[in-house]
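Single-structure report; data block below.
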Amino acid sequence: LFRSLVYTGAQDAVFTSEPFGAVSHADLEPLAAGVREAARLVDCPPNVLDVDAYVARALEWAGKLPNVTSKVIRGEELREAGLGGIYGVGQASVCPPALVILSHNAGPGSAAAQADSVCIVGKGIVYDTGGLSIKTKTGMPGMKRDMGGSAGVLGAFYSIVSTGGLPNGRPLHALLCIAENSVASNATRPDDIHVLFSGKTVEINNTDAEGRLVLADGLAYAVKHLNPAALVNMATLTGAQSSATGTKHAAIFSNSDVFEDIVLSAGRASGDLAHPLPYVPEFFRSEFKSAVADMKNSQKNRANCGSAAPATFLSNHIEPYLEKGKPWMHIDMAAPAFSGERATGFGVALLFLSARAAASKL
């Protein structure tokens, strides 16, 4: 599981390195379980793992863990709560979309409930037809994997909590942004304008750029309600990721050099490799200019770093958080999420190490 395997049976530590501290032999079983569960979910056919089934599975796994509370916002509740990104993407599906929030050490009466937290947010598109901007017959197969980011988040949450939680008892929140991007008479149309949880309006010019809409809501919800000191999102966000960083390295985009170093080191230690994209939002924001809304959802010039520009879209929805200088990390793992015809469970070990280090260092 880890590239640096030094366990000999004479000591409990499988490896010890900064900034992660010791990963013990006892940590490996729950970590492996998280990896395998993430891979199993990504491999599930979409007629089995629809939104209903995915929500139920997330709650089932959360129910196995101590000191975990859960909250689900679904269907019309999303619209009423102002979560227009998740609602708009999933409104045409038979199974209503959902935001699932799993929290550790943050329940009522918990001493750490009001402490600075670590929030991990995952894109959970259980199937992506592209919506009315529909994918081709060769481009659509494999889109069951478009929930790979949220599967990695769920697996990491399980692994971290199963091994005692974050250092110093800090709260950990996992947010799964779950929807199916379907085609129907009530599907979101190009030219529609949605109001996202950030309060910003988004003109839809490509319904196949849906992942950023659900993630923007999840991130903005975390910032408003969950007091993050470190904020991470992970997603199979762009096809451009593999052109930027290849099929084995996730592409990362962060406003924090310290957080970037943590994730790069976690990748090298775990084998869930990562490589940074240029963090220059001012070079990309004009790509989303709209005459009738705060922004469009898809960039104008796809040659202008098609993996970093969508990350900039996300940053537009957490500006109050970023203006305080707080660290945010975007992980695009579209290609590493699978190898051949099977899922890899990518991201579980990466988040396991990164979240624990962030809780100590940020």
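Test Glu210 against the criterion of being within 16 Å of Ala311 (Cα to Cα) and either among the hydroxyl-bearing types (Ser, Thr, Tyr) or open to solvent by less than 10 Å² (accessible area, probe 1.4 Å) (or both), and give yes or no. So Glu210 passes the test.
For the range 250-275, taking the residues that are among the polar types (S, T, N, Q) and part of a helix (DSSP H, G or I), the one that is surrounded by the most Cβ atoms within 10 Å (Cβ to Cβ) is identified as Ser270.
I'm trying to understand the selection: among the residues of the range 62-96, which are surrounded by 21 or more Cβ atoms within 10 Å (Cβ to Cβ) and touching a Phe, Trp or Tyr at 6+ places or on another chain (Cβ under 6 Å)? Once the filter is applied, which keeps residues that are surrounded by 21 or more Cβ atoms within 10 Å (Cβ to Cβ) and touching a Phe, Trp or Tyr at 6+ places or on another chain (Cβ under 6 Å), the range 62-96 yields Leu78, Leu83. Scanning the range 37-63 for residues that are assigned to a loop (DSSP other than H, G, I, E, B) and either free of Cβ contacts under 8 Å to residues at least 60 places away in the same chain or under 17 Å from the mean Cα position of the chain (by Cα) (or both) returns Asn47, Val48, Gly63. Taking the residues in the range 145-160 that are under 11 Å from Trp61 (Cα atoms) and in contact with a Pro (Cβ under 9 Å, 6 or more places away or on another chain) as candidates, determine which candidate is most open to solvent (accessible area, probe 1.4 Å). Per the criteria, the residue is Tyr158. Set side by side, the residues Gly165, Gly124 differ, and just one is in a loop (DSSP other than H, G, I, E, B), in contact (Cβ under 8 Å) with a residue 12 or more places away in the chain, touching a strand residue (DSSP E or B) at 6+ places or on another chain (Cβ under 9 Å) and buried (at least 21 other Cβ atoms within 10 Å of the Cβ), which is Gly165.
Residues in the range 318-334 that are assigned to a loop (DSSP other than H, G, I, E, B) and open to solvent by less than 10 Å² (accessible area, probe 1.4 Å): Ile318, Met333. Lys224 meets the conditions (1) assigned to a loop (DSSP other than H, G, I, E, B); (2) without any contact (Cβ under 8 Å) to a residue 40 or more places away in the chain in every case but one. The failed one is (1). All conditions in (1) out of contact with any Cys (no Cβ under 8 Å at 6 or more places or on another chain); (2) closer than 25 Å to Asp208 by Cα; (3) open to solvent by 30 Å² or more (accessible area, probe 1.4 Å) hold for Pro278, with the sole exception of (1).
Looking only at residues of the range 168-204 that are over 23 Å from Ile120 (Cα atoms) and of a type in the set (S, T, N, Q), we find that the one that is surrounded by the fewest Cβ atoms within 10 Å (Cβ to Cβ) is Ser185.
Looking at (1) at pLDDT 95 or above; (2) not hydrophobic (A, V, I, L, M, F, W, C); (3) not in a strand (DSSP E or B), find the lone condition where Gln114 falls short. If we test Gln114 against (1) at pLDDT 95 or above; (2) not hydrophobic (A, V, I, L, M, F, W, C); (3) not in a strand (DSSP E or B), just (1) comes out false.
In the range 298-316, the residues that are within 22 Å of Arg189 (Cα to Cα) and among the hydroxyl-bearing types (Ser, Thr, Tyr) form no Cβ pair under 6 Å with any partner that is open to solvent by less than 40 Å² (accessible area, probe 1.4 Å) and at pLDDT below 95, whether six or more places apart or across chains. Residues in the range 299-314 that are more than 19 Å from the chain's Cα centre (by Cα) and either open to solvent by less than 10 Å² (accessible area, probe 1.4 Å) or among the basic types (Lys, Arg) (or both): Lys300, Arg302.
The values are calculated or read from the model by the stated rules, or taken from the named source; none is laboratory data. Quick caveat: nothing in here was measured; it's all calculated off a predicted structure. With ideal geometry, Cβ positions are generated from the backbone for all residues, glycine too; neighbour counts draw on all protein chains shown. For accessibility, only protein heavy atoms count, side chains too; no ligands or nucleic acids. Shrake-Rupley method; radii C 1.70, N 1.55, O 1.52, S 1.80 Å.
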